[in-house]
Protein chains: 2
Amino acid sequence: MILALAGGVGGARLACGLALALAPGELAVAVNVGDDFEHLGLSISPDLDTVMYTLAGIQNPETGWGRAGETWHFMETLARLGGDSWFRLGDHDLAVHVERTRRLRGGEALSAITSSFCARLGIAHAVVPVTDAPLRTMVNTDAGELCFQDYFVRRRCEPMVTGFRFEGADTAGPSAPLARLLEPGAIQGVVICPSNPWLSVAPMLAVARLRALLESKRVPVVAVSPIVAGNAVKGPAAKIMRELGIEASALGVARHYGTLVDGWVIDTQDAALEPAIASGARSVALTDTMMISPDKSLHAASEALSLMRRIAGTR
Amino acid sequence: MILALAGGVGGARLACGLALALAPGELAVAVNVGDDFEHLGLSISPDLDTVMYTLAGIQNPETGWGRAGETWHFMETLARLGGDSWFRLGDHDLAVHVERTRRLRGGEALSAITSSFCARLGIAHAVVPVTDAPLRTMVNTDAGELCFQDYFVRRRCEPMVTGFRFEGADTAGPSAPLARLLEPGAIQGVVICPSNPWLSVAPMLAVARLRALLESKRVPVVAVSPIVAGNAVKGPAAKIMRELGIEASALGVARHYGTLVDGWVIDTQDAALEPAIASGARSVALTDTMMISPDKSLHAASEALSLMRRIAGTR
């Protein structure tokens, strides 16, 4: 069993590739919940939904998030009524939020609800929120501390970032299905997807027992770089790195993860960085990491899995 | 100022006619909230919405309730996720429920929210819930006591009715805007719309201060019969009357209201009932009451207002 750590669009795309490469019993995708928030009285889990829609093959192929063939009649009327319309919720998408909110209020765990939704959407691989406890990414910026969605959607990542805080992380244990995967011997390797290291992966690693697995070096950990040719494939990762005074490159990301990651998959465009990343006894694989289709996702996933096998073979 | 008492589709249609006949300062529509319920975690007020959509001219002309040009993508996905789909919520319509629920949870009164929504939808006449307090119609049937929507929508009015209970009515005061209309001298007459006397009007009259206005005989009260030629124009009124052992006719309805109503507008199809209804010193107007268009609604409303003026003139 391989455990993938995924955030938003990039994470979902690699998770899709891994799901094509591995049988249902061989892959579990742990998903960030630091972006989750309450909006219009609804509990919204953007990363879980992006992974779920992508694995179900019903995601919007242009944006990467949201649903294909989505309609916006709810938002139209909401705006007409004077409601908050800065966070756009499609008509199909809304059913997930309303039903999830209802079930959460009824006392069900987010992981149980996610599992039920995935089954309904025909997803055979396990998708698990990293925790069932509230864990919220707070962004420290030159405009003060902001809730994640305030920073990310409402302010379009414009404020300058100075740091992060993961509210609730001190007490957030892994969700029940993730806890089972963290038992000794349950998984044979970890893949860190090309999700934003600060906004998507850091809140997951703020869950102590998950971080401890990576720090234990019990299983090989491979990562796919979210930075290609000095830019994030999607999202504000490169902008944030510059604001934090970190080199916006695959090398900067590799240095950020340090010894947590045993092997890196970087894009062929970053071949020049290979020696620097490989110093520090890391394994590096060069390949095309631009996951513009499920085929390309499968290709990147296969490279990550090959690298993991090579690392496991040398132990 | 005329006060109309309205429930669902029939009430909304007469309210539409009254709004065409009277200037905004001359009409307030008090609306039943006994049908309101919590569903999927949302606060739903079916009668308020039917009146609001009809006065805004955006109602579904076929069904009489819901929105014209509605789409059902939310329901499609909700059903796919295994959510409750017996009560159908359209994508446009849903915005009203989500935003109302959010504002109610924030502590706003239903009447204030309704007023804000109506303003946003361009409705110039006052639309006021009869109360801001929870008041719920419970239907006693051969299948036990049922919540209104369980009886009405889920069980399609199939159980045999033995009586009603209006939960919360003992303590429900009029909403703030209705309370102002109940001050002495504020209104010059009441129109009881052709809404179900048991399911729609009775819960309104269960609010003691509103019922006291009608019982005081301070202002003329005219009503338009919801029963035409022995049948309800829409809904289960005739079926319920038969189950309660009451003659399913305009006469049966007139006897039910008794001395509360001073003048009746009945359909020309029921001309034979005029003498019996008029005995008891009631005024009766015969006209076409089938409100199949706004013009026809205006016609019926004008007849009701003429009758009210005639009654006022004889006092």
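Taking 8 Å as the Cα distance limit and 6 or more residues as the minimum spacing, I'd like the relative contact order of the range A:1-141 as a percentage. Could the numbers behind the result be given before it?
Values: 209 pairs, mean separation 39.3, N = 141.
Here the relative contact order equals 28 percent.
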**Request:** Towards the positive end of the charge dipole of the range A:2-313, with charges on Cβ (+1 Lys, Arg; -1 Asp, Glu), say which of A:Leu14, A:Leu213, A:Ala278 has the farthest Cα.
**Result:** A:Leu213
**Message:** Going 7 Å from Cα along the Cα-Cβ axis for the label, what nanometre distances separate A:Thr63 from the same residue across the other copies?
**Reply:** 2.6
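How high is the FRET efficiency from A:Arg88 to B:Lys239, r the C-beta distance, R0 51 Å, rounded to 0.05?
On the way: r = 45 Å, r/R0 = 0.87.
The pair A:Arg88/B:Lys239 has a calculated efficiency of 0.70.
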**Fill in**
Under the 7 Å Cα-to-Cβ spin-label approximation, B:Thr63 and B:Asp288 lie apart by a distance in nanometres of 2.8 nm
**Fill in**
For A:Pro134, inter-copy label-point distances (7 Å, Cα→Cβ), nm, shortest first, read 2.3
**Item:** Nm distances between copies for A:Leu286, ranked from closest, using label points 7 Å along Cα→Cβ
**Value:** 9.8
**Message:** Placing unit charges on C-beta atoms (Lys and Arg positive, Asp and Glu negative, everything else neutral), compute the dipole magnitude of chain B about its Cα centre in debye, rounded to 20.
**Reply:** 520 debye
**Message:** How big is the dipole moment of the protein assembly as shown about its Cα centre under a simple scheme where the beta carbon of each Lys and Arg is +1, that of each Asp and Glu is -1, and everything else is neutral? Debye, nearest 20, please.
**Reply:** 460 debye
**Request:** Return the single residue from B:Arg282, B:Arg80, B:Arg154 with maximal mean-square fluctuation; model: Gaussian network over chain B, springs between Cα atoms under 10 Å.
**Result:** B:Arg80
**Request:** Treat the count of other C-beta atoms within 10 Å as a stand-in for reagent exposure and order B:Ser195, A:Ser302, B:Ser111, A:Ser43 from fewest to most.
**Result:** A:Ser302, A:Ser43, B:Ser111, B:Ser195
**Item:** Proximal aspartates and glutamates to B:Lys217, defined as alpha-carbon separation beneath 13 angstrom and excluding residues fewer than eight positions away on the same chain
**Value:** B:Asp262
**Request:** Calculate the dipole size of the range B:34-100 relative to its Cα centre from +1 charges on Lys and Arg beta carbons and -1 charges on Asp and Glu beta carbons; express the result in debye to the nearest 20.
**Result:** 160 debye
**Item:** Residues of type lysines that B:Lys296 reaches as a straight line, Cα spacing below 23 Å, ignoring anything fewer than 8 places off in the same chain
**Value:** B:Lys234
**Asked** Looking at the axis that maps chain A onto chain B, which chain A residue has the closest Cβ, and how far off is it in Å, rounded to a whole number?
**Response** A:Asp91, 2
**Message:** Could you tell me the center-to-center distance, by alpha carbons, between the range B:120-183 and the range B:1-65 in angstrom?
**Reply:** 13 Å
**Dipole axis of chain A (+1 Lys, Arg; -1 Asp, Glu on Cβ), positive-most option in A:Pro61, A:Trp86, A:Leu181** = A:Leu181
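Mind sorting B:Leu298, B:Leu3 by how few other Cβ atoms lie within 10 Å of their own Cβ, fewest first?
Working: B:Leu298 18, B:Leu3 25.
Fewest-to-most ranking of B:Leu298, B:Leu3: B:Leu298, B:Leu3.
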**Prompt:** Extension gain B:Ala276-B:Glu158, at 0.36 nm per residue separation less the Cα-Cα distance, in nm?
**Reply:** 39.3 nm
**Message:** Just to check, using Stokes-Einstein with a Kirkwood Rh over alpha carbon pairs, what's the diffusion coefficient of the range A:2-313 at 4 °C and 1.567 mPa s in µm²/s?
**Reply:** 66 µm²/s
**Förster-model FRET efficiency, 30 Å R0, A:Arg180 and B:Cys147, C-beta, rounded to 0.05** = 0.15
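A short reminder: the numbers here are calculations on the coordinates, not readings from a lab. If you're wondering where the values come from, they're calculated on a predicted model, not measured in any experiment. Quick reminder, even Gly has a Cβ in these numbers, built from the backbone with ideal geometry, and neighbours come from all protein chains shown.
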